[in-house]
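Visitor: Following this message is one structure expressed as structure tokens.
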Amino acid sequence: MELQVLIFFIFVTFTTTFLLFSLSLFIIHLNPCCNCDTCTTFITRSWTTSFVNLSDWYTHLIRNSPTGTIHVHVLNNIITANPDNVEFMIKTNFENYPKGKPFSDILGDLLGRGIFNVDGRCWMFQRKLASLELGSLSIRSHALNVVLKEIDSRLVPYFSAVADNNNDAVLDLQDVFRRFSFDVICKFSFGFDPGSLEPLLPVFELESAFDECSRLCAERAMAPSPLVWKIKRFFNVGSEKKLKSAISIVKRTADQVIKKRRETGSDSGSDLLSRFMGSISDDDYLRDIVISFLLAGRDTVASGLTCFFLLLSQNPKVLNKIREESDRVIGPTREAVAGLGELKHLHYLHAALHESMRLYPPVQFDSKFAKHDDVLPDGTFVKRGSRVTYHPYAMGRMERIWGADSLEFKPERWIRDGEFKQERAYKYPVYQGGVRVCLGKEMSLVEMASVALCLIRRFDVSVVNHSQLRFAPGLTATVSGGVHATVRRRDLSQ
């Protein structure tokens, strides 16, 4: 027994010493003597005395930068909110700014060779395949049918049950929208229904595993050195042990669905998996691709809807304008559902959705890694191997981009001559841009517009707490503690 204790003590001591030594070498390698205000504030976390979120501190620094670009030396990270730099990174000099191996390492255990985690030929193959499928009218019609069925059979009944509760029950909008979008993306991607939004709000193993994966992968990205999480992964301890377990659940479930679909035949469904199976015979590769779409389609839509209803609760005039427009286009009947054709004519609704994501983008930042030395349009030198991040959250709050009213929720800024007009992708990179522009953009907007319209026309949703949002670690913007609201049926005389 004493020998076992001694061996364990030696093991722990060696591991700790090696970790600290490796971390020290990493920091010294990055910047041996950086004591600038930005790095000192980051290391000591003294920014937390003035800012709730790291993204807000970055926004503050970028706002005060003449070029709209800052450099956090200890992270070897250049962060920009300059539209010219964004266009240069994701369009003009796209080849020099891939996702890079550091990014792929962080998500590799979960996404494998999925489209959001690869570059080069592998990315190009999946891009062409997904573009062909997602661009077809049949898949878009299928996606809308899935969304409308989930709204009619689960979302509206759940809101109705809460509204009919005489005790002023409160629901968590974020939780409900995450459940809704999870059901939708599972049906669309895999062709199976998890039933996450059933009346009793069941705890579903796959959904919980996805939450855990998102949170722990984000923690990997925030580690001062990749050696920290890689050593933990090697010894299968702490957060890496939890992540391994969560990833196992996700992959096991995906493997079971793929195996069953192979047995029944790929022509047995109209979901994404069935369509991809005709072109991909490697089931592990197929699993990676579909998991990528599952992860992206679930969290981004839920995040966008959560913040949209928060802003509507704070801006009743915008809410009334959306209702007036919908009555004019669809008709005053509350139960009427808008088709694709009618949705296109709801210009103010689309303006409000885009304006909401300007202030609260579902993905607050996106990083690339420079393959070669380079110079950004604003004159910033980029050393080979540096992380370069463009920051949609900060960009949406820049006066130099959006004017003096940049912090206001103002859908009218998107309306020209009575119609919704899209901004340049490099001014508004919520859906990225260039060759990496989000393929699911149109479908996500249709989903959010459909949900928003059905709920706005039937219910009054009032967020309980309007304090500044605190975001939790995650791959997408997740509000810590949720967003709680009361729900009441609309007065028919309104």
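The values are calculated or read from the model by the stated rules, or taken from the named source; none is laboratory data. Just so we're clear, the structure is a prediction, and the values are computed from it rather than from any experiment. Using ideal geometry, Cβ is built from the backbone for each residue, glycine included, and neighbour counts are taken over all protein chains shown. For the accessible areas, the whole protein counts, side chains as well, though only heavy atoms, and no ligand, DNA or RNA atoms are used. Shrake-Rupley method; radii C 1.70, N 1.55, O 1.52, S 1.80 Å.
Visitor: So with the 1.4 Å probe, I'd like the accessible area per residue for the chain, rounded to whole Å². Write down the numbers at each step before the final one.
Guide: Details: 22870 Å² over 494 residues.
Accessible area per residue: 46 Å².
Visitor: Something else now. Size of the dipole of the chain about the Cα centre, Lys and Arg at +1 and Asp and Glu at -1 on the beta carbon, nothing else charged, in debye to 20?
Guide: On the way: 60 positive and 55 negative charges, 140 e Å.
With Lys and Arg at +1 and Asp and Glu at -1, about 680 debye.
Visitor: With labels modelled as points extended 7 Å from the Cα through the Cβ direction, what inter-label distance (nm, one decimal) is found for Glu324 paired with Glu412?
Guide: My value for the distance between the label points is 1.1 nm.
Visitor: On to the next question. Within the set of other residues whose C-beta is less than 14 Å from the C-beta of Lys371, count the net charge using Lys and Arg as +1 and Asp and Glu as -1.
Guide: On the way: positive: Lys99, Lys101, Lys368, Lys383, Arg384, Arg387; negative: Glu95, Asp119, Asp373, Asp374.
Once all neighbours under 14 Å are counted, the net charge is +2.
Visitor: Also, quick follow-up: Across the stretch 471-486, in residue order, what do the Karplus-derived ³J(HN,Hα) couplings come to in whole Hz, using 6.51 cos²θ - 1.76 cosθ + 1.60 with θ = phi - 60° and x for Gly and Pro?
Guide: My calculation for the stretch 471-486 gives 8, 8, x, x, 6, 10, 5, 10, 7, 5, x, x, 10, 8, 8, 9 Hz in order.
Visitor: With angles folded into 0 to 90 degrees, how steeply does helix 100-111 sit against the dominant principal axis of the chain? Use alpha carbons for both and round to 10.
Guide: Taking the Cα atoms of the chain, the angle to 100-111 is about 60 degrees.
Visitor: Give the percent of DSSP beta bridges with both residues in the stretch 54-489 that are antiparallel, rounded to the nearest 5.
Guide: Expressed as a percentage, antiparallel bridges in the stretch 54-489 total about 85.
Visitor: For every other residue with a beta carbon closer than 11 angstrom to the beta carbon of Asp56, add +1 if it is Lys or Arg and -1 if Asp or Glu, then tell me the sum. Walk me through the numbers before you get to the answer.
Guide: Numbers: positive: Arg63, Arg397, Arg470; negative: none.
Taking every other residue near Asp56 into account, the sum is +3.
Visitor: Report, largest value first, the span of the C-alpha coordinates of the chain along each principal axis, in whole Å.
Guide: 74, 58, 49
Visitor: Going through the stretch 373-425, which trypsin sites (Lys or Arg not before Pro) have at most 15 other Cβ atoms within 10 Å and a DSSP loop state?
Guide: Details: sites: Lys383, Arg384, Arg387, Arg397, Arg400, Arg413, Arg416, Lys421, Arg424; in loops: Lys383, Arg384, Arg397, Lys421, Arg424.
Those that pass, being in a loop and sparsely packed, are Lys383, Arg384, Lys421, Arg424.
Visitor: I need the shape label for the stretch 58-168. Rule: rounded when a/c is under 1.5, else prolate if a/b > b/c, else oblate, with a, b, c from the alpha carbon gyration tensor. Provide the component values of the computation, followed by the final result.
Guide: Details: a/c = 2.42, a/b = 1.46, b/c = 1.66.
Verdict is oblate for the stretch 58-168.
Visitor: Once you order the gyration tensor axes a ≥ b ≥ c over the Cα atoms, which shape class does the stretch 269-332 get: rounded for a/c under 1.5, otherwise prolate or oblate by comparing a/b with b/c? If you can, show how the numbers build up before the last one.
Guide: On the way: a/c = 7.68, a/b = 2.38, b/c = 3.22.
The shape class here is oblate.
Visitor: Alpha carbon centre of the stretch 33-63 versus the stretch 318-338: separation in Å?
Guide: That distance is 44 Å.
Visitor: On a 0 to 90 degree scale, rounded to 10, what angle separates helix 283-314 from the longest Cα axis of the chain?
Guide: 60
Visitor: Pop a pseudo-label 7 angstrom from the Cα along the beta-carbon direction at both Val237 and Val52 and give the gap in nm to one decimal.
Guide: Result for the modelled spin labels: 3.7 nm.
Visitor: Moving on. Which of the three applies to the stretch 371-491, rounded, prolate or oblate, going by the alpha-carbon gyration tensor with a ≥ b ≥ c and a/c under 1.5 meaning rounded? All intermediate terms of the calculation are to be shown ahead of the outcome.
Guide: Working: a/c = 2.05, a/b = 1.70, b/c = 1.21.
It is prolate, given that a/c is not under 1.5 and a/b is the larger ratio.
Visitor: Right, another one. In whole Å, what is the distance between the alpha-carbon centres of the stretch 383-433 and the stretch 442-494?
Guide: Centre-to-centre distance over Cα atoms comes out at 22 Å.
Visitor: What does the charge count around Asp105 come to, taking other residues whose C-beta lies under 11 Å from its C-beta (Lys +1, Arg +1, Asp -1, Glu -1)? Write out the running numbers ahead of the final one.
Guide: Numbers: positive: Lys99, Lys101, Arg220, Lys230, Arg233; negative: Asp109.
Local charge sum for Asp105: +4.
Visitor: In degrees from 0 to 90, rounded to the nearest 10, what is the angle of the helix 441-458 Cα long axis to the longest principal axis of the chain?
Guide: It is inclined by approximately 50 degrees.
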